[in-house]
Amino acid sequence: MPATTLDQLVSLCKRRGFVFPSSEIYGGLQGVFDWGPLGVELKNNIIASWWRANVYERDDMEGLDAAILMNRLTWRYSGHEETFNDPLVDCRDCKSRWRADHIKGRCPNCGSTNLTEPRPFNMMFKTAVGPVADADSFAYLRPETAQGIFVNFGNVLATSSRKLPFGIAQVGKAFRNEINPRNFLFRVREFEQMEIEYFVMPGTEDEWHQRWLDDRLAWWESIGVPRERIRMYDVPPDELAHYSKRTFDLMYNYPTLGYEEVEGIASRTDYDLGSHSRDQETLNLTARTNPNRDSTARLTYYDPESKRHVVPFVIEPSAGVGRCFLAVLAEAYDEQMVKAPPAERIGAVTDALDAFLKSVGRSEKLAPETRDALLERGQAIREGLPETMPQIETLLAMPGADQIELGKKLRGQAQGLIDEYFRTVLHLKPHLAPVRVAVFPLKRNHEGLVAMARDLRRTIQTGSSFRTVYDDTGAIGRLYRRQDEIGTPYCVTVDFQSLEDGTVTVRDRDTMQQVRIPASEVRAYVGG
Ligand code: GAP
């Protein structure tokens, strides 16, 4: 059963160390998260796959890594100082603050319609550069990586001798002071973007827009997010950003959230290079830009055929790493019943769940929305038993569950059953998996087995681009389950036969089938 709720992914990320709340021991910081040991591996693999597909495997791209801090004028001429605003409203009754376009005229906290008029709120974070914080010393943390590419257009062109069309790719941090960060990694205040600015001859932008749409959808497919799970939204003219002629938003069907934007592919005309250029009046720009008296450059391209300087048009595919991470996890997530549990044990869990939910319903300690959320999830699990048994872990990790004493009893009844009869498995593409290979000795107190397993781990790891780990902290069955849950495609076991003939067993994550092969062939077997 694939992920049906965002909570399942939140719970897995917490349980297995993919993602932690930032500065958690001090109560966290809203809308900011840290990547844990497994999260950083998966995230880096996603970024590496994007870079490989968009830079190495094409012959029309260069890479860039521009600084987060930029001259403030960048944001004046990009239009962000003036237009990077969200409409903000305050609830006059409970004093909470919301994005007007997210709440349909009613406060989600207290239900009041007594709201202030929407007013613009600029989402850029400010910081001071240098020891004296005065009116001239401030800079913004970039709210997108794109501008770092535009202002470097001339530098890249001059040093790479590229001809149009060509693009520049960049991955990096962006910061937005979101009014209401929410839904885990989906809307946060510090995040990473993977952005391409692709420069084309004016007049060819529609053709390239379509080509990039196709190329990007193919990449999503290659990382395990199939075409049929993405809806293409052709943004209507009245919703377009100020720089855009046309934008295709790729909307992924997130569990709980439904279809939401994971990537935007915008056709930005000559707005960006034009805006950052001096002498705009000589450039025949089609976009409306603010006159620029500060730039020292004309960001143009000399077209040898027409012998004219032109301002290239831009196609921009821009994806968020965190939203991509969530989509990849949601697609890969699976809870499987490995064998049917005995009826009396299912009955015992059902009784414990009923008692827990009754206690939730009666509890006066819980806020009404916390109680309703627990009851709703609990009922859905109850109706789906026994297949939904593993979701009891998610239920017990939800806010408020730890305040219900009977939760302990429910955990006690369910945990052993889940461990024995179910598995959570991430069917991640092998090139994305945080760990590609896990090596175990059949017995952890046998010197020969341990030495061979450790040696094999080192041999597989050396010189490879993926991670291989050694583990001997449990019985083999338990180790398999732990690796399934983090998406490790191959588990290798060193047993007594290995000591005699040098072979090992390799277990496949998805089929759970094992093959016996010489240890020396494992590296090639798992994909070099
Ligand atoms: N340069 C164009 C640009 O920044 P955008 O639609 O504002 O366009 C691009 O952002 C992508 O960045 C989005 O599709 C989304 O994946 C990601 N993104 C934007 N704001 C985000 C936020 N607050 N939290 C997480 N990801 C975000």
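Tell me the helices (runs of 4 or more DSSP H) entirely within region 456-528 that contain at least 2 residues that are closer than 30 Å to Arg15 by Cβ and hydrophobic (A, V, I, L, M, F, W, C). Show your work before the answer.
Details: elements: 476-486, 496-501, 522-525.
So the answer is 476-486.
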Handout entry: Flag if Leu157 is within 16 Å of the ligand (Cβ to nearest atom) and touching a residue at least 40 places away in the same chain (Cβ under 8 Å)
Key = no
Practice task
Examine region 221-239 for a residue that is within 14 Å of the ligand (Cβ to nearest atom), among the charged types (D, E, K, R) and either in contact with a helix residue (DSSP H, G or I) (Cβ under 8 Å, 6 or more places away or on another chain) or more than 26 Å from Ala3 (Cα to Cα) (or both), and state whether such a residue exists.
Solution key: yes
Exercise for the section: Could you grab me the full set of residues in region 46-61 that are surrounded by fewer than 17 Cβ atoms within 10 Å (Cβ to Cβ) and more than 23 Å from the chain's Cα centre (by Cα)? Expected result: Arg58, Asp59, Asp60
Completion exercise
Checked Phe150, Phe184 against criteria (within 12 Å of the ligand (Cβ to nearest atom) and either over 21 Å from Glu316 (Cα atoms) or not in a helix (DSSP H, G or I) (or both)); the one match is Phe184
Practice task
Starting from region 212-224, take each residue that is assigned to a helix (DSSP H, G or I) and list its partners that are not basic (Lys, Arg), counting only C-beta distances under 6 angstrom and pairs at least six apart or across chains.
Solution key: Trp212/Ile265; Trp212/Ile315; Trp212/Pro317; Leu213/Phe248; Leu213/Ile265; Arg216/Pro317; Trp219/Ala53
Exercise for the section: Can you give me the number of residues within region 99-143 that are aromatic (Phe, Trp, Tyr) and touching an Asp or Glu at 6+ places or on another chain (Cβ under 8 Å)? Expected result: 1
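Please tell me if Arg211 is basic (Lys, Arg) and within 27 Å of Leu29 (Cα to Cα).
In short, no.
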Handout entry: Residue within region 256-270 that is more than 11 Å from the ligand (Cβ to nearest atom), more than 16 Å from the chain's Cα centre (by Cα) and hydrophobic (A, V, I, L, M, F, W, C) present
Key = no
Practice task
Filter region 240-255 down to residues that are surrounded by 15 or more Cβ atoms within 10 Å (Cβ to Cβ), within 12 Å of the ligand (Cβ to nearest atom) and part of a loop (DSSP other than H, G, I, E, B) and give me whichever is modelled with the highest pLDDT.
Solution key: Ser244
Problem - Members of region 464-521 that are among the acidic types (Asp, Glu) and out of contact with any Lys or Arg (no Cβ under 8 Å at 6 or more places or on another chain) - result: Asp495, Glu500, Asp501, Asp508, Asp510, Glu521
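Tell me whether region 135-142 contains one or more residues that are part of a loop (DSSP other than H, G, I, E, B), buried (at least 17 other Cβ atoms within 10 Å of the Cβ), at negative phi and touching a residue at least 60 places away in the same chain (Cβ under 8 Å). First the steps, then the outcome.
We begin by selecting, within region 135-142, every residue part of a loop (DSSP other than H, G, I, E, B); these are 135-137, 142.
From the residues that got through so far, the ones that are buried (at least 17 other Cβ atoms within 10 Å of the Cβ) too are 142.
Those still in the list that are at negative phi too: 142.
Right, trim to touching a residue at least 60 places away in the same chain (Cβ under 8 Å) and you get 142.
Yes: one or more hits.
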Handout entry: Exclusive hit being touching a helix residue (DSSP H, G or I) at 6+ places or on another chain (Cβ under 7 Å) and farther than 26 Å from Asp294 by Cβ, set Ala66, Ala53, Ala48
Key = Ala53
Practice task
For region 318-415, please list each of the helices (runs of 4 or more DSSP H) lying entirely inside it that holds at least 1 residues being in contact (Cβ under 8 Å) with a residue 60 or more places away in the chain, of a type in the set (Asp, Glu) and closer than 30 Å to Gly39 by Cα.
Solution key: 321-332, 391-397
Exercise for the section: Go through region 256-294 and give me each residue that's within 30 Å of Glu376 (Cα to Cα) and either touching a residue at least 24 places away in the same chain (Cβ under 8 Å) or assigned to a loop (DSSP other than H, G, I, E, B) (or both). Expected result: Thr256, Leu257, Tyr259, Glu260, Glu261, Val262
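Give the residue, chosen from Ser49, Ser11, that is at pLDDT below 95, polar (S, T, N, Q) and more than 30 Å from Pro120 (Cβ to Cβ).
Details: Ser49 fails: at pLDDT below 95.
None of the other options fit; the residue is Ser11.
The values are calculated or read from the model by the stated rules, or taken from the named source; none is laboratory data. For clarity, every value in this text was computed on a predicted model and none was experimentally measured. Here the Cβ is made from the backbone with ideal geometry for all residues, glycine too, and neighbour counts use every protein chain on show.
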